[in-house]
Amino acid sequence: MNKHLVGAFVAASTAFGAGAVAAQDDTFVTIGTGGVTGVYYPTGGAICRLVNRGRSEHGIRCGVESTGGSVFNINAIRGGELEFGVAQSDWQYHAFNGTSRFEEQGAFEDLRAVFSVHPEPFTVVARADSGITDFEDLQGMRVNVGNPGSGQRGTMEVLMEAMGWTMDDFAVASELQAAEQSQALCDNNIDAMVYTVGHPSGSIQEATTACDSVLVNVTGDAVDMLVEENPFYRVATIPGGMYRGNDEDTMTFGVGATFVTSADVSDDVVYEIVSAVMENIDQFRGLHPAFAILEPAEMANDGLSAPLHAGAERYYREAGLIE
Ligand code: GLU
């Protein structure tokens, strides 16, 4: 938790800009993201940048926090510690329905969808000298399965269960944070890392440039079954040529990154935030290469399994983006 708070402070000061002074009636909102070398962190930064530009009109001050990822963000929204978060579509679904790793806590009925963002393939990167080329090859290897609270840790566990694997199938199962794993890979402390992340991402760039490493195919019966049985999973391709030493396409499955909040956050605040992003969508697309393909009509509809927040719904109706 301390780590998150430190990250939050640094991130928030950056997002607000040095020397900015809060007006007394400003409304503060914080977006929970992920590790600083992922795509959630720049996603939160891009949203806040567009929101904060209109601060003199709407009085909303938006800041970002680097966190442990999807599951952490959803739980922090539930606990009222964060107003917004970025979360994988599979964990949005399970949190709202009280299924999978949210079964014990029960359904988070006040979880609300705001919009979907970029696709996130389940990405496995291995040291080139490990000989790993397919997901099955991870057995007996040193694998970073992700920190608890991250989306990839949850999705990895779901996939492992579908494969009939436990953590004992690995020589070592480490729990490093997303931002630490590329260095661990290149330092030869692990053979492979998993990350559910948009592309290109700083983390995978680091893993493929600081040492020789390869993107690993994640295919087979277990993956086919997961895609067939769950609306939030789909087959995904990471195009070749995006990362050094990886010229071929990589076949895997994936989810979508989504922007979520709680029904407790006011309609006007959510309306203003959605409006700041949608009215400036061209600029938003330019803020990260993973956003280049985003379309407002898809953002308002795809990959959202929790109900739309009423403020978002109002904007989408006005803009003709939903029926
Ligand atoms: N999908 C990851 C998670 O849910 C985060 C990816 C990112 O930070 O871009 O934890």
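Pairs of Cα atoms under 8 Å, at least six residues apart: use those to get the relative contact order of region 15-129, whole percent.
23
Nearest 10 degrees is fine. How inclined is helix 267-278 to the longest principal axis of the chain, computing both from alpha carbons?
It is inclined by approximately 60 degrees.
Of the residues I31, I74, I47, which exhibits the maximal mean-square fluctuation in a Gaussian network model of the chain defined by a 10 Å Cα contact cut-off?
In the Gaussian network model the winner is I47.
Size of the dipole of region 207-286 about the Cα centre, Lys and Arg at +1 and Asp and Glu at -1 on the beta carbon, nothing else charged, in debye to 20?
280
Rounded to the nearest 0.05, what FRET efficiency do E323 and M225 have when you use their Cβ-Cβ distance and R0 = 45 Å?
Details: r = 33 Å, r/R0 = 0.73.
For E323 and M225, the calculated efficiency is 0.85.
For the chain, set up a Gaussian network in which alpha carbons nearer than 10 Å are linked by springs, and say which option among S203, S100, S70 fluctuates the most.
Checking each option, the largest mean-square fluctuation is seen for S100.
Just the number: Rg to Rh for the chain, Cα atoms, Kirkwood Rh, two decimals.
Ratio of gyration radius to Kirkwood radius for the chain: 0.96.
Rounded to two decimals, what is the ratio between the C-alpha radius of gyration of region 25-97 and 2.2 N^0.38 Å? Mind showing how you got there, number by number?
Details: Rg = 12.6 Å, N = 73, 2.2 N^0.38 = 11.2 Å.
Taking N as the residue count of region 25-97, the ratio is 1.12.
Please list log₁₀ I(q)/I(0) at q = 0.13 Å⁻¹ for region 172-323, using the Debye equation with identical point scatterers on the alpha-carbon positions.
Debye output, listed in q order: -0.79.
What are the ³J(HN,Hα) values, in whole Hz, obtained from phi via the Karplus relation 6.51 cos²θ - 1.76 cosθ + 1.60 with θ = phi - 60°, for each residue of region 25-39 in sequence order, with x given for Gly and Pro?
My calculation for region 25-39 gives 9, 5, 9, 8, 10, 10, 9, x, 10, x, x, 5, 9, x, 9 Hz in order.
To the nearest 10 degrees, how steep is helix 151-163 against the longest Cα principal axis of the chain, on a 0 to 90 scale?
40
Within 10 Å, count the other beta carbons around each residue, average over each peptide in 243-255, 223-235, 79-91, 134-146, and list them highest first.
With the highest mean Cβ count within 10 Å placed first, the list reads 79-91, 134-146, 243-255, 223-235.
Mean separation of Cα pairs under 8 Å and 6+ residues apart, divided by the residue count of the chain: what relative contact order is that in percent?
23
Counting only DSSP beta bridges with both residues in the chain, tell me the antiparallel percent, nearest 5. Can you show the working numbers first?
On the way: 28 of 43 bridges.
Counting DSSP beta bridges with both partners in the chain, the antiparallel share is about 65 percent.
Can you give me the Kirkwood hydrodynamic radius for region 172-226, using every pair of distinct Cα atoms, in Å to one decimal? The partial results should precede the final answer.
On the way: mean 1/r = 0.0812 Å⁻¹.
Mean inverse Cα-Cα distance, inverted, gives 12.3 Å.
Over what distance in Å are the Cα centres of region 181-219 and region 254-317 separated?
29
Rule-based calculations on the coordinates, nothing more; no lab input. Quick caveat, the model's predicted, so the values are computed rather than measured. For neighbour counting, all protein chains shown are included, and Cβ atoms are generated from backbone atoms with ideal geometry for every residue, glycine included.
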